Amino acid sequence: MKKLGILAGVAGLAVSTMLLASGARSADDAKLEQLKQQGFARVAIANEPPYTAVAADGKVSGAAPDVAREIFKRLGVNDIVASISEYGAMIPGLQAGRFDVVTAGLFMKPERCAAVAYSEPVLCDAEAMLVKKGNPKGFKSYEDIAKDSSATVGAPGGGTEEKLALNAGVPRDRVIVVPDGQSGLKMVQDGRIDAYSLPVLSINDLMKKANDPNLEVIAPVQGAPVYCDGAAFKKGDEALRDAYDVELAKLKKSGEFAKIIEPYGFSAKAAMSTTREKLCAAK
Ligand code: 6CS
């Protein structure tokens with residue numbers, strides 16, 4: 001048995017030596033080393049301003065990618081390359097290795113926390129609904145929509161608002177999956193849905209750009225929690241997540257975190273006043 005132990009020790013030493021030679025401090029850092037070699041981190045986004053945005057020339061911005069770009073730069077990963085994904089496809093895509101991390105405003109909830117390795121909180125927001133001017137059906141909550149058998153609400157597929165509406169008792173056939181903000185806006189304007197639900201800052205961004213006096217924002221949606229996202233890493237990449245968190249904490253402490261997210265309308269204080277542990281435990 002002693003001989004086996006010596007052999008295992010020698011093999012382990014060989015692996016560590018190879019990794020140390022490559023600059024990794026441990027086998028766990030292999031993912032970070034791989035991203036450094038790759039020269040970029042592949043991030044999943046939704047193109048939902050001000051969380052995430054892709055300009056006509058392909059430039060990626062938004063509070064979540066901007067924080068990620070800065071942190072990866074400090075980790076020695078020079079850039080990020082973004083892919084647009086539906087919220088409901090982000091975690092499966094991460095688990096399948098299509099992305100290295102989700103930086104999209106993917107809100108922390110227990111079921112998601114069980115599926116990915118979240119960073120500490122980054123972007124926090126309440127929920128909102130876009131309705132016709134005057135709020136003709138008097139919506140204040142998802143329960144109000146559930147109670148009105150003629151009412152329909154649009155929301156992102158696999159998104160938090162879809163789940164909130166279903167959990168509030170809105171039947172499946174009255175919760176309409178909407179692919180993106182522009183479609184949701186148009187569907188409300190055309191009367192094809194009675195309400196379109198996204199986080200407050202996303203709805204406000206749509207409203208501002210639409211400049212349509214026949215629309216109204218209901219915010220916050222009564223009874224809906226304030227959520228916060230984090231960067232979501234694949235289970236098994238906790239060492240990369242931990243390295244990300246070290247740099248995120250430095251950004252928060254130095255005030256640079258606020259400088260990045262607050263011009264988009266987000267509150268640094270809100271993200272700094274809670275933790276992944278609390279958000280992942282929230283009912
Ligand atoms: O985390 C989510 O599911 C939600 N987050 C954002 C930023 N927009 C909509 C989405 O449903």
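Where a number appears in this text, it was derived from the coordinates with a stated rule and is not lab data. Because the structure is predicted, anything quoted here is derived from the model rather than measured. Cβ sites come from the backbone with ideal geometry, for glycine too, and all protein chains shown count toward neighbours.
Cα to Cα, under 17 Å, and not fewer than 8 places away if on the same chain: which lysines meet these conditions relative to Lys235? List returned: Lys31, Lys109. Restricting the count to DSSP beta bridges whose residues both fall in segment 102-257, what percent are antiparallel, rounded to a multiple of 5? So the antiparallel bridges amount to about 75 percent of the total.
Placing a pseudo-label 7 Å from each Cα along the Cα-to-Cβ vector at Arg172 and Ala56 gives an inter-label distance of 4.1 nm. Beyond 14 Å, what share of the Cα-Cα pairs of segment 202-242 is found? Please give it as a whole percent. When every Cα pair of segment 202-242 is considered, 66 percent fall beyond 14 Å. In this structure the amide hydrogen of Thr152, modeled in the peptide plane, comes within under 5 Å of the amide hydrogens of Asp194, Ala195, none closer than 5 places in sequence on its chain. In the chain, the DSSP beta bridges split such that about 60 percent are antiparallel, to the nearest 5. Seen from a random direction on average, the alpha-carbon convex hull of the chain projects onto 17.5 square nanometres. Projecting the Cα atoms of Ala114, Ala151, Gln182 onto the dipole axis of the chain, where Lys and Arg carry +1 and Asp and Glu carry -1 at the beta carbon, places Ala114 farthest toward the positive end. Size of segment 169-283: Rg and Dmax of its alpha carbons, in Å, are 17.8, 50. For segment 245-283 versus segment 190-224, the inter-centroid distance based on Cα atoms is 25 Å.
For segment 171-232, the Kirkwood radius over C-alpha pairs fed into Stokes-Einstein at 4 °C and 1.567 mPa s yields D = 100 µm² per second.
Taking 7 Å steps out from each Cα toward its Cβ at Lys140 and Gln37 produces label points 5.9 nm apart. Each distinct pair of alpha carbons in segment 93-173 adds a 1/r term; the inverse of their mean, the Kirkwood radius, is 14.9 Å. Taken about its Cα centre, the chain carries a charge dipole of about 560 debye when Lys and Arg each add +1 at the Cβ and Asp and Glu each add -1 at the Cβ.
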